[in-house]
1. Given R₀ = 30 Å, what would the calculated FRET efficiency be for His172 paired with Leu109, taking r from the Cβ atoms and rounding to 0.05?
2. If amide hydrogens are placed 1.01 Å from N in the peptide plane, which non-local residues have theirs closer than 5 Å to the one on Ser262?
3. Short version: ³J(HN,Hα) in whole Hz for each residue of segment 235-252, in order, from phi by Karplus 6.51 cos²θ - 1.76 cosθ + 1.60 (θ = phi - 60°), x for Gly and Pro, what are they?
4. Give the cross-link partners of Lys135 among the aspartates and glutamates, using a straight C-alpha distance below 16 Å as the criterion and excluding same-chain residues fewer than 8 apart.
5. Please list log₁₀ I(q)/I(0) at q = 0.10 Å⁻¹ for segment 184-276, using the Debye equation with identical point scatterers on the alpha-carbon positions.
6. Write out the GluC sites (Glu not before Pro) in segment 113-182 meeting two conditions: DSSP loop, and at most 12 other Cβ atoms within 10 Å of their Cβ.
7. Which ³J(HN,Hα) values, rounded to whole Hz and listed in residue order, are derived for segment 64-74 from phi using the Karplus coefficients 6.51, -1.76 and 1.60 in 6.51 cos²θ - 1.76 cosθ + 1.60 with θ = phi - 60°, glycine and proline given as x?
Amino acid sequence: MNEFWDKILFRVGTFTLTSAKVAAILAVFLFTWIFLVFLRKALLNKKNMNIGESGRRISLMHLIRYLAWVIAISASIRIAGINVTFLVAGSAALLVGIGFGLQNIFSDLISGLFMLFERKVRVGDVMEVENIVGKVKTINLRTSVLLTRDGYDIIVPNHKFITENVINWSHHSYDRRFQIDVGVSYNSDIDLVTKILLDCCQGQSELIDEPPHEPTVRFDNFGDSALLFFLLFWTKDIFHVEQIKSDLRYKIFKAFRENNISIPFPQRDVHIIPQS
């Protein structure tokens with residue numbers, strides 16, 4: 001039996017790879033895989049988790065997975081008896097050249113670690129990156145995946161979340177305020193306009209109707225051809241807020257027609273001077 005475990009499978013110079021070393025390396029990788037499977041079930045197979053809690057657990061799972069595989073690979077190299085110092089010293093020039101070519105990749109990797117540690121960006125958050133709004137599906141070490149409102153995924157390098165200005169619509173809370181701009185003619189009853197706008201919010205289940213986040217109307221300004229109003233509302237469904245705005249605009253337009261409130265449009269007088 002000892003002869004089987006001591007059997008040399010591969011030899012280069014002073015380095016030898018025996019059956020015992022291969023078995024030990026396979027055992028390390030198998031144990032790591034089993035550990036991660038059970039940990040994933042323990043962390044993620046929980047019912048009644050809100051989006052924020054689910055995002056925190058997924059981020060923690062990613063971090064533990066990377067650390068576990070780094071430890072497993074390091075242990076395997078040590079078990080195999082590979083001299084890491086010799087490899088690094090022998091390939092120093094090559095590593096310098098590769099380093100210059102992979103600066104952005106290393107920047108993404110470091111940014112990914114910051115994101116997983118700080119958790120300012122979590123799975124489930126609604127982000128706006130370069131005027132594109134999307135929900136974070138996964139956070140990996142180098143890139144993150146956002147699901148857009150149009151149903152397609154975009155892959156975003158992690159350094160954009162750290163070094164550039166991005167908007168996290170769901171940071172700390174999923175309650176966010178939005179507005180709809182409305183202009184009415186100058187002969188309109190402003191009290192009636194206010195009432196109609198607030199009535200249009202009734203029955204819209206996506207809106208928050210409890211103080212201090214109930215819908216409100218703001219008389220914004222006297223425009224060139226219209227009185228300008230803002231309908232301000234709060235919602236938790238920020239990912240689908242454009243559809244909510246559309247539904248409200250349908251209601252507002254129909255209600256204005258029923259109450260003979262006109263929405264003016266810019267008009268210009270054009271004077272044509274005939275040439276003699």
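Readers should treat all values here as calculations from the given coordinates under stated rules, not as data from a laboratory. All of these numbers come straight from a predicted model, not from anything done at the bench. Because the Cβ atoms are built from the backbone with ideal geometry, glycine has one as well, and the counts that use them run over all protein chains shown.
1. Values: r = 27 Å, r/R0 = 0.89.
The formula returns an efficiency of 0.65 here.
2. Answer set, sorted by chain and number: Ser185.
3. Each residue's phi maps through the Karplus curve to give 8, 8, 8, 6, 5, 10, 5, 5, 5, 4, 4, 4, 4, 5, 5, 4, 4, 5 Hz.
4. The reachable aspartates and glutamates, counting only those whose Cα sits under 16 Å from Lys135, are Glu53, Asp125, Asp150, Asp153, Asp175, Asp237, Glu242.
5. Evaluating at q = 0.10 Å⁻¹ gives log10 I(q)/I(0) of -0.34.
6. On the way: sites: Glu118, Glu128, Glu130, Glu164; in loops: Glu130, Glu164.
Answer in residue order: Glu130, Glu164.
7. Working through the residues one at a time gives 5, 4, 5, 5, 4, 6, 4, 5, 5, 5, 4 Hz.
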